[in-house]
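Report on the following structure.
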Amino acid sequence: MRIGELSRRSGVSSRALRYYEEQRLLRPVRRPSGYREFSEDDLDSVRRIRLLLAAGLGTAMIAEILPCMVEGNEGLAAGCPELLDALGGEHDRIAASIAELESARTLLARIIATPVPTPG
DNA sequence: GTTCTAACA
DNA sequence: TGTTAGAA
């Protein structure tokens, strides 16, 4: 299928799909016309890419683990055990970010809730 | 009409 | 990322 159809079926903009190819997340073949030709499997790949992006992973990481992702009974699973380490690292990195943001939120909430001292 | 690349708001 | 110009 061409990029327009994949865009419609996936709900992802053609601009984003071209970007995914540039990031090596998708490898469509080229027609003689120069048009990209995507496979049916690419539709699943796009869904997985969106999921992994939503999970906070970067395109570089996604490019590495995408070929290892397998459909489990409860969703996507890491088919390659050696990648669990990298995923664990991402998890910890996100957890650290959350901790920092929570500190910032608490600080702001405290400032907002502190009354201005009245003169006198 | 659809897609391509490159570049800009 | 969206959008657009100009070409195929």
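For the reader, a short list of remarks on this structure follows.
- In segment A:18-36, the residues that are surrounded by 14 or more Cβ atoms within 10 Å (Cβ to Cβ) and either over 18 Å from the mean Cα position of the chain (by Cα) or hydroxyl-bearing (Ser, Thr, Tyr) (or both): A:Tyr19, A:Tyr20, A:Pro28, A:Arg36
- Verdict on A:Ile65 being closer than 25 Å to A:Asp92 by Cα and within 14 Å of DNA strand C (Cβ to nearest atom): no
- Considering residues of segment A:8-55 that are within 22 Å of A:Leu76 (Cα to Cα) and of a type in the set (Ser, Thr, Tyr) only, the residue farthest from DNA strand B (Cβ to nearest atom): A:Ser45
- Conditions (1) part of a loop (DSSP other than H, G, I, E, B); (2) open to solvent by 50 Å² or more (accessible area, probe 1.4 Å); (3) within 16 Å of DNA strand C (Cβ to nearest atom); number of the one not met by A:Arg15: (1)
- Verdict on A:Ala113 being without any contact (Cβ under 8 Å) to a residue 60 or more places away in the chain, small (Gly, Ala, Ser) and either in contact with a strand residue (DSSP E or B) (Cβ under 7 Å, 6 or more places away or on another chain) or closer than 30 Å to A:Gly4 by Cβ (or both): no
The values are calculated or read from the model by the stated rules, or taken from the named source; none is laboratory data. This is a predicted model, so every value here is computed, not measured. Cβ sites come from the backbone with ideal geometry, for glycine too, and all protein chains shown count toward neighbours. Accessible surface areas use protein heavy atoms only, side chains included; no ligands, DNA or RNA. Shrake-Rupley method; radii C 1.70, N 1.55, O 1.52, S 1.80 Å.
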